[in-house]
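Below is one structure, written out as structure tokens, with a few remarks after it.
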Amino acid sequence: MEWADDIYTAFKDAGINQVAYVPDAGHKRLINACIADNDIQTVSLTTEEEGVAVSAGAWLGGQKCVLLMQSSGVGNCINMLSLIETCRFPFVTFVTMRGQWHEFNPWQMPMGTTTKLSLETAGLLIDEIDDPNDVGPRAAAALHKAFVGAQSTALLLGQRLVPVKTFGK
Amino acid sequence: MSERAEQFPLHRRDVAKTLLHANEDMLIVTGLGSTNWDFTAAGDQPRIFPLWGAMGGAVPIGLGLALAQPNKRIMVATGDGEMLMGIGALATVAVAAPKNLAICVFDNERYGETGMQTTHTASVTDLALTAKGMGIQDADTITDEAELKAHLSAIISTDGPIFRVIKVRAEPLDFVLPSKDGVHLKNRFRVNLLGEGAV
């Protein structure tokens, strides 16, 4: 899970001011690092689509926000992503994947298998990662793509990177 | 019960004009859709970001903006239908607790853009109580001109987050439309706030 520290470093290098999230096991280490950072305003959401809107609002106010979520949250975002597409807001989200690798819960499969297609259809550029050593540079590239290149982007963090959840079985 | 809103004394276009001019420095996010037409009628300005879609997004956009601009007053003005679609955002606002954010819900108890069908507020749902339950302590309902006057300073300047339901008459009004070009609306807002270098 040390790759989370590489994402945090990329956030700091890119000058990220706000991090919106729905609590997630895969993102736990990164979320805690952001909460501990007084220069990053963290926003705990009730649903992921709020984070899309918070990101847009942050940009209107001159700040950079990132949305952290799990693949099951992607489906909650679809209509709100029309805001990103229509207004061409720079937007970047880091998605921990479920339903890919030793998944215990079949209810995670539908969004796990359609996250990439859903986000591509909504107009985002996608990068998928399974190699923990490559997370840092590709996180930096995703942030650059959004806030310098003005291309909305999603970084999909493969389930091989996150702890296997077994519900004690 | 569902006809009562046709007798509410406050007219939404008058309320928008009052709020727009009560604090000329205030940044405003208006939700889909009648509140957009109300504020455009009151005076289309770059400090207003009007939403033509993204229903349920007005409050969280206002939250991101409020956190980014802590020294500016931010007001979200939206309708009861738009508020109900993103109601969980009130809990998110309560936890983030931005002091500079006010949320005003123009509540005509109707879905105005789809044929004036009743929303849940026409019967049993109380949005001010909901906001309090979500954790926004300073939440109240305004029903007439005297109450609007009494609550105005809270909306434009008191430390928040502030939540006000403003009961407005359900009435047919002409469309007064802002630009539909989202890129233009975003850019003019940023240039006005941050300067020419912001685009």
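Below is a table of values for the structure above.
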item: Rounded to 5, percent antiparallel among DSSP beta bridges of the range B:4-198; result: 10 percent
item: Separation between Cα centres of the range B:70-88 and the range A:92-154, rounded to whole Å; result: 29 Å
item: Contact order relative to length of chain A, as percent, for alpha carbon pairs under 8 angstrom and 6 or more apart; result: 25 percent
item: Exposed chymotrypsin sites (Phe, Trp or Tyr not before Pro) absent: longest stretch of chain A, with sites in DSSP loops and at most 14 other Cβ within 10 Å deemed exposed; result: A:1-100
item: Structure-based [θ]222 nm, chain A - -39500 (n - 2.57) summed over DSSP H runs of at least 4, per residue, nearest 500; result: -12000 deg cm²/dmol
item: Cα centre as origin, Lys/Arg/Asp/Glu Cβ charges: the range B:4-198 dipole, Debye; result: 420 debye
item: Structure-based [θ]222 nm, chain B - -39500 (n - 2.57) summed over DSSP H runs of at least 4, per residue, nearest 500; result: -11500 deg cm²/dmol
item: Length-normalised contact order for the range B:112-183 - Cα pairs under 8 Å, 6+ apart - percent; result: 28 percent
item: Beta bridge orientation in the range A:40-159: antiparallel %, DSSP, nearest 5; result: 0 percent
item: Selection from A:Ile78, A:Leu68, A:Leu119 lying farthest towards where the dipole of the range A:3-161 points positive, charges on Cβ; result: A:Ile78
item: Nearest-20 debye value, chain A charge dipole, Cβ charges on Lys, Arg, Asp, Glu; result: 200 debye
item: Loop trypsin sites (Lys or Arg not before Pro), the range B:169-199 (other Cβ atoms within 10 Å of the site Cβ: 11 or fewer; DSSP); result: B:Lys180
item: Nearest-20 debye value, the protein assembly as shown charge dipole, Cβ charges on Lys, Arg, Asp, Glu; result: 280 debye
item: Surrounding net charge for B:Ala102, when Lys and Arg each add one and Asp and Glu each subtract one, Cβ distance under 11 Å; result: +1
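Since every read-out is calculated from the coordinates, none of them should be taken as a lab result. Note that the coordinates shown come from a computational prediction; the quantities given were computed from them, not determined experimentally. Note that each Cβ is placed from the backbone with ideal geometry, even for glycine, and that neighbours are counted across all protein chains shown.
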